[in-house]
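The values are calculated or read from the model by the stated rules, or taken from the named source; none is laboratory data. Computed from a predicted model, the values in this text were never measured in an experiment. FYI the Cβ positions are ideal-geometry reconstructions off the backbone, even for glycines, and counts take in every protein chain you see. The protein model used for the area step is the full one, side chains on, heavy atoms only, and it has no ligands, DNA or RNA in it. Shrake-Rupley method; radii C 1.70, N 1.55, O 1.52, S 1.80 Å.
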Amino acid sequence: WLDPKNAETITANIFEALARIDPANAATYEANRQAFLARLNTKLTEWEAKLSPLRAMPIVAYHNSWPYFARRFRLDFIGFIETKPGVPPSPSHLAGIVRDMRAKEARIVIREPNEPERDVAFVASKAGARVVTLAASVGALPRTDDYISLFDANVEALTAAAMR
């Protein structure tokens, strides 16, 4: 769901299920789906334009939650602090991340609100980077109450961090 283009498939599956259980309202469901996709495609063009300056910018994330987002917006994630889900990084791994960030001049470290701050803050401070908290799902942060506002908030946070 972190690639907005995948909303076409996601909403098609939702539509099919709704149409199957409530065929009398299938036309309304499809009309709503098409209106949502039209709005989303307009926003996608806006998000791509806003994130285009970040395409060559190396980024580190706490966890590899972002491959679809990265592919859609052509972002360059050069490493992840957490190598295995739920397993804290070793000191040598953290040192390697800092070394890579310095070598590639990575200035952004992404974390989600539920991820620990300690290692992210350490890596960012040693590499001279900014920490950006992004929402991987609706409602994870303020102003992420629906699918489109999720991307609005994430794009705004990333572009603000990149401009500092």
For a quick check of your reading of the filter: which trypsin sites (Lys or Arg not before Pro) in the stretch 39-75 sit in a DSSP loop and have no more than 12 other Cβ atoms within 10 Å? 55, 74
Below 8 Å between Cα atoms, with a sequence gap of 6+, how large is the relative contact order for the stretch 1-79 in percent? 32
Could you please report the charge total around residue 125, scoring K, R as +1 and D, E as -1 over all other residues with beta-carbon less than 13 angstrom from its beta-carbon? +3
Expressed as a percent, the accessible surface of the stretch 110-164 that is carbon or sulfur, using a 1.4 Å probe and the full set of protein chains, is 52
Say R0 is 30 Å: what FRET efficiency, to the nearest 0.05, do residue 160 and residue 15 get from their beta-carbon distance? 0.25
With every protein chain present, what is the per residue accessible area of the stretch 45-110 (1.4 Å probe, Å²)? 53
Write down Rg/Rh for the stretch 19-66, rounded to two decimals, with Rg from the C-alpha atoms and Rh from the Kirkwood relation over Cα pairs. 1.27
With charges set only on the Cβ (+1 for Lys and Arg, -1 for Asp and Glu), what does the dipole of the stretch 82-139 come to about its Cα centre, in debye to the nearest 20? 240
Hey, what D do you get for the stretch 72-145 in µm²/s if you plug the Kirkwood alpha-carbon radius into Stokes-Einstein at 20 °C and 1.002 mPa s? 163
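Where Rh is the Kirkwood radius over the Cα pairs of the chain, the temperature 37 °C and the viscosity 0.692 mPa s, what D in µm²/s does Stokes-Einstein return?
191
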Kindly provide the helix-only [θ] at 222 nm of the chain, computed as the sum of -39,500 (n - 2.57) over DSSP H runs of four or more divided by all residues, to the nearest 500 deg cm²/dmol? -17500 deg cm²/dmol
Going through the stretch 33-107, which GluC sites (Glu not before Pro) have at most 14 other Cβ atoms within 10 Å and a DSSP loop state? 105
Report, in degrees rounded to the nearest 10, the 0 to 90 angle that the Cα long axis of helix 26-51 makes with the longest principal axis of the chain. 30
In whole Hz and in residue order, list the ³J(HN,Hα) couplings for the stretch 92-102 that follow from phi through the Karplus curve 6.51 cos²θ - 1.76 cosθ + 1.60, θ = phi - 60°; x for Gly and Pro. 5, 5, 4, 4, x, 4, 4, 4, 5, 4, 5
Sort 78, 10 from largest to smallest accessible area, using a 1.4 Å probe on the heavy atoms of the protein chains. 10, 78
